[in-house]
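Read the structure below first, then the notes.
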Amino acid sequence: MLESLQPISYAVVSVFFFLSTSTILLRVYARGYLVRSFGLDDWCMFSILFFNAGQQVILYYFLHYGAGLQLDTVYTTHPEWLLNLSYALFAEEIYYIWMHWVIKMAFLLFYLRFATTRTFRYLVYSTMGLNTIFSTITWTLYVLQCMPLDALFHPAAHPTTKCVDRAVLAFVPTGFSAFVDIAILILPIRPLWHIQVSLRKRLTLISIVSLGSLVVLVSMLRIIVLNLFEKNIDLTYTLGKLIIVSSIEIDLAIIAANAPSLKIYWSKYISRPSTPTRKDQYESITLSTLQGQKVLSQSSSCHISSSNKTVRDGRRDMMSPERMAEEGDMGMAITRIGNEDLNRESQEALWTSEDGIIVTSSVGVVVHAKPEQHDDQLEANYYVFDKA
């Protein structure tokens, strides 16, 4: 057994904080500037940038006051540190649940981007409600664990006070959190599976969104460490292990929540081929039949133009879902497809890009009415379709 876990704890806490913070900043830049689809889920994750900094301060506080050292060493050199650690542990219990609540809400708000059915939307809202109820119950348990609460910090001054069993305080909140984590992991599988793309791309989408499964695995490991901690087996040394596991759990959850947005960089700068093949060019076309008059007669002129930029529907300019997906903005692309697919029978999508999520080019058919003309007045190129 190592004499001290502090060097490892400082290293793990610092590295994972740097990684999670980097993904938040990359997400903010990608969603705010590259694809310009900054939503509630992004604001939620942006707030975690500051909340996670507060969490980092608490972890460093633990380490500063002896977490990771042998309990005998702390007793011998700085016995007053134990009271400081007890105050910090109570604050961490409250703050840790808050961090999990915000991160889970960021996940669920992102799911609303591709909630194209009422059932899925209700499931997401129900999971949000469970997340809030479980968090509230946990906070209540922590605040009321001892009456008065001072008995938690000075048990000798309250010899007759009975507190809630520490095992209940440790494992009930962990069970709540694991239940919501599993729900968040399962929720998007069905809607993503029904996206009209190849099997490999569907599996890629699901795997990106399901990175949260790593958080569930770390949570199981945290239960093992909590069991040692609640048995008071070398309290300060075990606290160092708990700091390592908790830091990895929180930061992995942040990284997993940001993973779909990081796909934007992969699609934009890495996976896009420099010279598209003939097959790529062919499969990148989406033929869309616009609503309205569909019969082309001699009194109409038809122009076919590639809409890789924006699609104008006569009322407003709007980025096509294919362009959104090409830029890597998976959530907005799926949402736009679900909301605007008013006539599925009239649309045919050809999906491309072996490494991208959904990369297409859209060809819009725009019909302009012209004054009726006689056959001898028609221009020679009247029936020529030019690609803009």
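The values are calculated or read from the model by the stated rules, or taken from the named source; none is laboratory data. Predicted model, so just to flag it, every value in this text is computed and none were measured. As a convention, Cβ positions derive from the backbone with ideal geometry for all residues, glycine included, and neighbour counts pool all protein chains shown.
Values for this structure:
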| item | result |
| --- | --- |
| Pairs where the first residue, in region 107-126, is in a loop (DSSP other than H, G, I, E, B) and the second is modelled with pLDDT of 90 or more, C-beta under 8 Å, 6+ apart | A115/R121; A115/V124 |
| Residue tally, condition closer than 19 Å to N84 by Cα, aliphatic (A, V, I, L, M) and surrounded by fewer than 16 Cβ atoms within 10 Å (Cβ to Cβ), over region 138-177 | 4 |
| So I94, is it touching a helix residue (DSSP H, G or I) at 6+ places or on another chain (Cβ under 9 Å), closer than 27 Å to G68 by Cβ, in the same structural domain as L187 (by TED's automatic domain parsing) and of a type in the set (A, V, I, L, M) | yes |
| Residue within region 113-120 that is buried (at least 16 other Cβ atoms within 10 Å of the Cβ) and of a type in the set (D, E, K, R) present | yes |
